[in-house]
Every structure is written in structure tokens, then in C-alpha cells.
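Asks: Before anything else, here's the structure in question.
Where a number appears in this text, it was derived from the coordinates with a stated rule and is not lab data. As the structure is a prediction and not an experimental result, all values here were calculated from the model. Reconstructed Cβ throughout: ideal geometry from the backbone, glycine too, with neighbour counts over all protein chains shown.
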Amino acid sequence: MSAETFATRIWLLLVGLTLLSAALADGAAPGLLTALVALAIVGVKGALVIRHFMGLDSRFPRLRRLMNSYIVLVPALLFVLGSVFAR
């Protein structure tokens, strides 16, 4: 598979995940499971962008770890803050 075909498939996956999260936001009842699924989608999309479009593979391990930490910590923080302030 060529690099262009692979990038196109990753991009289509990102578009699909975006449409899934939009459908989830439009149709799902608010709740814990909905929030966790939405945050998981954010994490997966972030990981895909970091790995395939930012070029942070094995060449920049420190920056890749920093960005991976960011895409884990920010959604987790949003979940915690949303849980605390939703009550």
C-alpha cells in the first residue's frame, strides 16, 4: 500500500470518527457512557493525528510521549471537571 493510500485511509477514519461523535452528540442521552465514548473518540483521533500526520513516530520519542500524555490527560481532566461541575 502506498503512503498516499494509507494517509487517505487514516483521513477517512478520522472523518468517520468525527461523524460518529457528531451523531452521538445529536442523538444520545447525556450520561456517563456518552461522555466516556466521546472522550475515547477524542483520544483515538488525537493518537491517529500524532502518529500519522505530525510525523512523531520513532524519530522524536520525547515529543511523541509529551503529545500522547496530552491526549490522555486533557480528556481525563475534562471528564473529571464535567463530573464535578455537572452536579
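Asks: Where the centre of each part is set by its Cα atoms, how far does region 49-72 sit from region 1-42, in angstrom?
Replies: Taking the Cα centre of each part, region 49-72 and region 1-42 sit 19 Å apart.
Asks: Can you tell me the dipole magnitude for the chain around its Cα centre, using point charges on the Cβ only (Lys, Arg +1; Asp, Glu -1), in Debye to the nearest 20?
Replies: Taking the Cα centre of the chain as origin, the dipole is about 340 debye.
Asks: Between Rg and the Kirkwood Rh of the chain, both from Cα atoms, what is the Rg to Rh ratio?
Replies: So for the chain, dividing Rg by the Kirkwood Rh gives 1.05.
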